Amino acid sequence: MNRHVDEMTSSAPTLRIITVSGAHGGVGKTLLATLLIKLLPGFAAIKVSHADLMVSVTDDMVEIMREGMDTRVLKDAGAGEVILIRAGERDVSDALSIAFDMVYQSGAPGVIIEGNAAARFLKPDISFFVTDTDLAGIKPEALPNLEKADVIVLNLQAEDGAPRTVPELEKAVRGHNPTAPIYSAARFISPDGEIIRLLKTRV
């Protein structure tokens with residue numbers, strides 16, 4: 001079992017763990033995960049999808065590389081091992097334990113986990129929370145992730161690629177998380193020294 005799941009010690013090497021959660025579906029979690037993968041060569045990726053009626057943990061490449069799957073995007077971005085978890089809330093912890101064992105066996109130094117359910121109870125080395133134009137559409141179950149996030153990422157790109165500015169968004173974020181640094185997603189595309197230092201010191 002991984003210490004990040006159940007606090008138990010293990011003879012396995014410690015994985016560096018990053019979580020990526022977000023305000024709602026389509027907010028840019030996969031985008032940020034791919035940008036982090038490019039900055040962290042060799043890291044594995046785990047995608048956690050909600051499924052009430054099944055529990056599945058797979059790294060089968062046919063499934064991972066299916067057209068339109070976020071797992072394919074993560075693999076194409078350069079992730080080593082890519083694992084897909086489908087599980088309901090109560091089964092996510094057990095599914096992650098299986099996935100962590102798979103990551104250990106792959107030899108990856110760390111893993112990026114995309115999914116709100118996983119981020120709610122893990123104790124990662126660093127947690128990212130992605131939001132967009134405002135917090136009006138945030139899912140209630142996403143609020144705990146915003147409140148405990150180490151870094152807030154604003155995905156404010158319009159469809160035409162032009163940066164969008166929402167002056168009140170930072171104020172809304174600060175109402176839930178007064179201390180985490182706030183960065184635009186664009187800063188992870190061509191990372192500056194501050195972003196590089198953040199990753200080096202935490203992972």
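Residues that are in a loop (DSSP other than H, G, I, E, B) and buried (at least 16 other Cβ atoms within 10 Å of the Cβ) within the stretch 174-196 comprise 176, 177, 180, 191, listed in sequence order. Could you say whether any residue in the stretch 155-168 is in contact with a Pro (Cβ under 8 Å, 6 or more places away or on another chain), part of a loop (DSSP other than H, G, I, E, B) and not hydroxyl-bearing (Ser, Thr, Tyr)? Yes, the conditions are met somewhere in the stretch 155-168. Restricting the stretch 159-180 to residues that are touching a strand residue (DSSP E or B) at 6+ places or on another chain (Cβ under 8 Å) and modelled with pLDDT of 95 or more, the residue that is nearest to residue 145 (Cα to Cα) is 177.
Selection of the stretch 97-134 for residues being part of a helix (DSSP H, G or I) and under 23 Å from residue 68 (Cα atoms) yields 99, 116, 117, 118. Residues in the stretch 43-90 that are touching a residue at least 40 places away in the same chain (Cβ under 8 Å) and crowded, with 22+ Cβ neighbours inside 10 Å: 43, 44, 45, 46, 47, 48, 74, 79.
With the structure loaded, tell me whether residue 127 is among the hydroxyl-bearing types (Ser, Thr, Tyr), closer than 16 Å to residue 37 by Cα and touching a residue at least 12 places away in the same chain (Cβ under 8 Å) or whether it fails that test. It is true that residue 127 is among the hydroxyl-bearing types (Ser, Thr, Tyr), closer than 16 Å to residue 37 by Cα and touching a residue at least 12 places away in the same chain (Cβ under 8 Å).
The values are calculated or read from the model by the stated rules, or taken from the named source; none is laboratory data. Note that the structure is a prediction, hence the values are computed from the model and not measured. Note: ideal-geometry Cβ built from the backbone for every residue, glycine included; neighbour counts use all protein chains shown.
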